[in-house]
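Here is the structure we will look at, set down as structure tokens.
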Amino acid sequence: METAQKPIGIFDSGIGGLTVVKKIIEYLPNENIVYFGDTARVPYGSKSNDTIIEYSIQDTEFLLTHDVKAIVVACNTASSMAIPALKEKFNLPIISMIEPGSQKAAEKTKSGKIGVIGTRSTISNKAYSKQLKLINREFEILERACPLFVPLAEEGWIDHPATFQIASEYLTELKYEGVDTLILGCTHYPILRKTIQKVMGESVQLIDSGVAAAYNVQEILIRKNLLNTSDSSPFRKFYVSDIPSQFKNLAELFLGMPVEKVTKVDLEEFFKKRQG
Ligand code: DGL
């Protein structure tokens, strides 16, 4: 297969990365895609750095067996911890969520007061803070972990009163601190965007790190001459490490398109076979 026609490999701990897939399909409709959702080991957001790095390496190795031309780490938790290890180990473009999301927020903020929400790991790692301070040391950054958002999104509780109540609990302080821009620093959070916007108010700009990253994928593919310009209709393959049927329903809901097949991969078996 010509290099440009090879698929883009995308991974997340579960369904959250589908918000990135949706944007990549929108901006790059010719691209072939192989997605891996590590649904057996979700959430990554409450695990240690070493575990997240180990899982991210395994997820990448799985995608490489599909001969992908680039890896999109469609998980902020993995992006905030595993990018240096992935870049050192693998020789292909690796796209993170952190830099594109920070760049977009820096462009949008007027007051310089930026909120960041994410998993416990992403927030305690200060990945966005560090990146935003590199762009402008004067930025005032307020961060908040919102761990219950992931299970709410995984349950599909997009517009549920409980989601509103929990979002109010998490976000009211950020709102009254007066941030004018809020980075959705977790790929699951755009699924709850409507509720988050309702709580923060219309004047606060929400930054979807996945949208920013999808632009970044486009730029990198153009720069590296890897953009798929073939006319043949693209394939999109979905793999998970657990419960494909639940994933399929949610994937169709989030992507707004039918998903033909979701294949379950037993990662342990997969690595045993490779070693043996
Ligand atoms: N998708 C992950 C992220 O963007 C959140 C889910 C998890 O904790 O695994 O951080």
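Key figures for this structure:
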| item | result |
| --- | --- |
| Packing rank of 9-15, 88-94, where each peptide gets the mean count of other beta carbons within 10 Å, highest leading | 9-15, 88-94 |
| Taking the C-alpha atoms of the chain, convex hull volume expressed per residue in Å³ | 126 |
| Per-selection Kirkwood Rh - segment 154-223 (Cα, Å, 1 d.p.) | 13.2 |
| Quarter of Cα convex hull surface for segment 124-185, i.e. mean projection, nm² | 4.9 |
| Residue-span extension gain [GLU2 to GLU88] - 0.36 nm each, minus C-alpha spacing | 28.5 nm |
| Whole-percent pair-distance distribution, where bins are 10 Å wide, for the alpha carbons of segment 5-51 | 26, 46, 22, 7 |
| Share of alpha-carbon pairs per 10 Å distance bin for segment 79-181, given as whole % | 14, 38, 34, 13, 1 |
| Neighbour net charge for PRO258 - beta-carbon separation under 15 angstrom, K R +1, D E -1 | +3 |
| Convex hull volume per residue in cubic angstrom - Cα atoms of segment 1-110 | 112 |
| Sorted largest first, extent of segment 164-276 alpha carbons per principal axis (Å) | 56, 36, 31 |
| Whole-number Å³ per residue for the convex hull built on Cα positions in segment 216-276 | 159 |
| Difference of contour (0.36 nm per residue) and Cα-Cα distance, SER46 to SER111 | 20.2 nm |
| Spin-label model distance (nm) - HIS66 vs PHE271, 7 Å beyond Cα toward Cβ | 1.9 |
| Inter-centroid distance (Cα atoms) of segment 100-145 relative to segment 153-224, Å | 13 |
| FRET efficiency for LEU253 and LYS133, using Cβ-Cβ distance with R0 set to 25 Å, rounded to 0.05 | 0.10 |
| Packing-based order for 148-157, 218-227, 55-64, using average beta carbon neighbours within 10 Å, highest first | 55-64, 148-157, 218-227 |
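Rule-based calculations on the coordinates, nothing more; no lab input. Bear in mind that the values here come from a model prediction, so they are computed numbers and not experimental data. No Cβ is skipped: glycine too gets one built from the backbone with ideal geometry, and neighbour counts run over all protein chains shown.
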